[in-house]
């Protein structure tokens, strides 16, 4: 990781531009998202349609935990280490904000959104390669005809999501939060396919 972080344009975007992107975190509080810092049970008590309740549904429906995000390794700079940690911990929140399920098509589209916002090479690599090797014909058709241009446009137009103190918005209506952050809804909602019941 240190190798590509030494590239000039990456460092300019991440470190040189940090005052505009993550400046608040660099000089003060550095929030983290895990079950010690976020009361998941409380999120489940929030009204339907709030950001926190939608995030709670995302975790429960997919059997996810915010503790599952791996710690950052191979990064010596503490500021950059925190930025990478925040990126990983915000990934599920980007799914929630963009209303993308964690299936393969949803993951590819979220990677494009993140690539446009962060310029991380690993996001671009995944977004470029996965459609060819991980998407089936039907999903690939939807990807090109319906969703790709939306993901690029939405990532470009939205406010930089890693600079958002999401923990202060659990009670906010999610549609209002999307309007505040200029996150464009997908042209057609992409829902996770329900598993067929096992034959008896």
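Of the residues making up region 123-134, those that are assigned to a helix (DSSP H, G or I) and either in contact (Cβ under 8 Å) with a residue 12 or more places away in the chain or surrounded by 15 or more Cβ atoms within 10 Å (Cβ to Cβ) (or both) are 123, 124, 126, 127, 130, 131. So which residues in region 44-54 are more than 11 Å from residue 96 (Cβ to Cβ), touching a residue at least 12 places away in the same chain (Cβ under 8 Å) and assigned to a helix (DSSP H, G or I)? Within region 44-54, 44 is the sole residue that qualifies. Any residue in region 151-163 that is under 14 Å from the mean Cα position of the chain (by Cα), modelled with pLDDT under 90 and within 28 Å of residue 67 (Cβ to Cβ)? The answer is yes; a qualifying residue exists. When region 161-183 is filtered for residues that are in a loop (DSSP other than H, G, I, E, B) and crowded, with 16+ Cβ neighbours inside 10 Å, the ones remaining, listed by number, are 164, 169, 170, 172, 183. Annotation note: Cβ proximity below 7 Å between a residue of region 135-163 that is farther than 14 Å from residue 109 by Cβ and a residue that is modelled with pLDDT of 95 or more (sequence gap 6+ or interchain) occurs for 157/182; 157/184; 159/181; 159/182; 161/94; 161/97; 161/181. Among residues of region 97-119 that are on the phi > 0 side of the Ramachandran plot and assigned to a loop (DSSP other than H, G, I, E, B), those with a beta-carbon under 7 Å from a residue that is modelled with pLDDT under 95 and surrounded by fewer than 24 Cβ atoms within 10 Å (Cβ to Cβ) at least six positions away or on a different chain give the pairs 99/185; 99/186; 99/189; 119/10; 119/13.
The values are calculated or read from the model by the stated rules, or taken from the named source; none is laboratory data. Given the structure is predicted, the values throughout are model-derived calculations rather than measurements. We place every Cβ from the backbone using ideal geometry, glycine too, and count neighbours over all the protein chains shown.
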